[in-house]
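Okay, so here's the structure we're looking at.
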């Protein structure tokens, strides 16, 4: 990669994906453009000169002025060339663009600031520790599962299967939240606010893509979803990123009707890329009674062997 400004990337068969991973230069360029486009001069205390602006949002020179860098320097960065950029300059640009903490981290990952550079290592095969499996089984009546870096569903308990569906009956490659969210019609019916679920899923994948754009499995997933789902293509093109570790999900289950469940997502520091998600209902609420009924009816998705419960 040289320092000469030029086209950010070559056209690819699927939007945003290549066989050997995502194009980091293209990702950086498109992310910066999308963040600049959402800001108006008046949002950052600048006077809007003239009624007609050729581009949405701030101009490059306006953003460069706010960040305290030259227009040529910022232009080169927005063309995807973050080769020699410092963390201090990226901090200034993040402040000028009013990035959230998650967006700021995403920018640092994409630009690979000099003091952050790291060599890509292919993620290890996702393994579930036996202790985690025992813990999931012990959480009777509470839907819980362990997810992987690319939204894989790696292990779960009986109540999670009763709530979300019989994941054990799916081929391992299809046990993936992104695929289920965008390609499985039943999940559109399950999540009352499906649009929010879909947006959260893409934002999560965007964060992972910023950290591991060279991951060919991620690129294959993005390519597949881009081809098969118009909604995914639209959301992926927004370059929105955010961390959402807790909240409330409203669901409509075919057996017990409406549920409102809080959830907490906890990253597992000793298990690279893995996280534990737990759903729970307010005690004494109709949702708590619905979960009790689901637990008592149950399913048997994971009883044959541990191999059935891993991706």
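The values are calculated or read from the model by the stated rules, or taken from the named source; none is laboratory data. Quick caveat: nothing in here was measured; it's all calculated off a predicted structure. Using ideal geometry, Cβ is built from the backbone for each residue, glycine included, and neighbour counts are taken over all protein chains shown.
With respect to the stated conditions, residue 145 is at pLDDT 95 or above and surrounded by 20 or more Cβ atoms within 10 Å (Cβ to Cβ). Report whether or not residue 300 is in the same structural domain as residue 250 (by TED's automatic domain parsing) and at pLDDT below 50. The answer is yes for residue 300.
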